[in-house]
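*Asks:* Here you go, one structure.
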Amino acid sequence: MNQTRRGFMGKAFGAVAGVGAVGALYAMKRSWDPLPSVKAAGFTTIDLSSCTANKLIVEKWRGKPIFVLRKTAEMVAAQNEAQTARDIVVDGSHYMIAIGLCTHLGCIPAYRADKTDFKCACHGGEFDSSGIETLAPPPSPLVIPPFKITGTSVVLGEEGPEYTKMKEAGVVA
């Protein structure tokens, strides 16, 4: 009689300990997962159908400014091969989409619509309408964030086939 009671108590304790361990592991996993608000901040959808040519739109993605510039036909015609390689083409229109931080010290360059370029007021650096540096000190072009094209929208934060193609061509780092 004493043996069966001891066996029952051991099994009951083991079951309670097992349930407690599973509960603790579940709680640890939940604490390591990113919050829903953090997951949502990882992706930003930009509808390009409302963009006006030669007018800069500034969006926000992961706390950084994103420059969206729809290029005019004249701007596209005047581009060289390197500039065209950085264009994101959606529904026949060419766009420059880049993180709006100067690659020199992280200042936010201003868009000059009359000259169709960007000027960084901090140290005088300039970028063309494709985000390529044209006047030092910026060491490299404006960074193109990972993107995926869906219809007339661009989803930032997700690598689509167009971004992968740019990466393979060495246009983006």
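Every read-out reported here was derived from the displayed coordinates using simple, explicitly stated rules and does not represent laboratory data. As the structure is a computational prediction, the values presented were derived from the model and not from experiment. Positions of Cβ are backbone-derived with ideal geometry, glycine not excepted, and every protein chain shown enters the neighbour counts.
*Asks:* Which entries of 60/165; 55/119; 60/115; 64/148; 60/148 show an alpha-carbon separation above 21 angstrom in the structure shown?
*Replies:* From the list (60/165; 55/119; 60/115; 64/148; 60/148), the Cα-Cα distance tops 21 Å for 60/165; 60/115.
*Asks:* Work out from phi, with θ = phi - 60° and the Karplus expression 6.51 cos²θ - 1.76 cosθ + 1.60, the ³J(HN,Hα) of each residue of the range 141-146, listed in order in whole Hz, and give x for Gly and Pro.
*Replies:* Computed from phi, the couplings for the range 141-146 are x, 4, 7, 8, x, x Hz.
*Asks:* For semi-axes √(5λ) of the Cα gyration tensor in Å, the listed values are (1) 42, 17, 11; (2) 54, 17, 14; (3) 32, 21, 17; which was obtained by calculation from the structure presented?
*Replies:* Correct label is (2).
*Asks:* Also, quick follow-up: Points 7 angstrom from Cα along the Cβ direction at residue 121 and residue 135: gap in nanometres?
*Replies:* It is 1.5 nm.
*Asks:* Helix 2-32: angle to the longest alpha-carbon principal axis of the chain, degrees 0 to 90, nearest 10?
*Replies:* Orientation of helix 2-32: about 10 degrees from the principal axis.
*Asks:* Name the lysines eligible as straight-distance cross-link partners of residue 11: C-alpha to C-alpha under 30 Å, and not fewer than 8 places from it in the same chain.
*Replies:* Cα-Cα hits under 30 Å: 29.
*Asks:* While we're looking at this one, here's another question. Express in whole angstrom the spacing between the alpha-carbon centres of the range 126-173 and the range 67-109.
*Replies:* 8 Å
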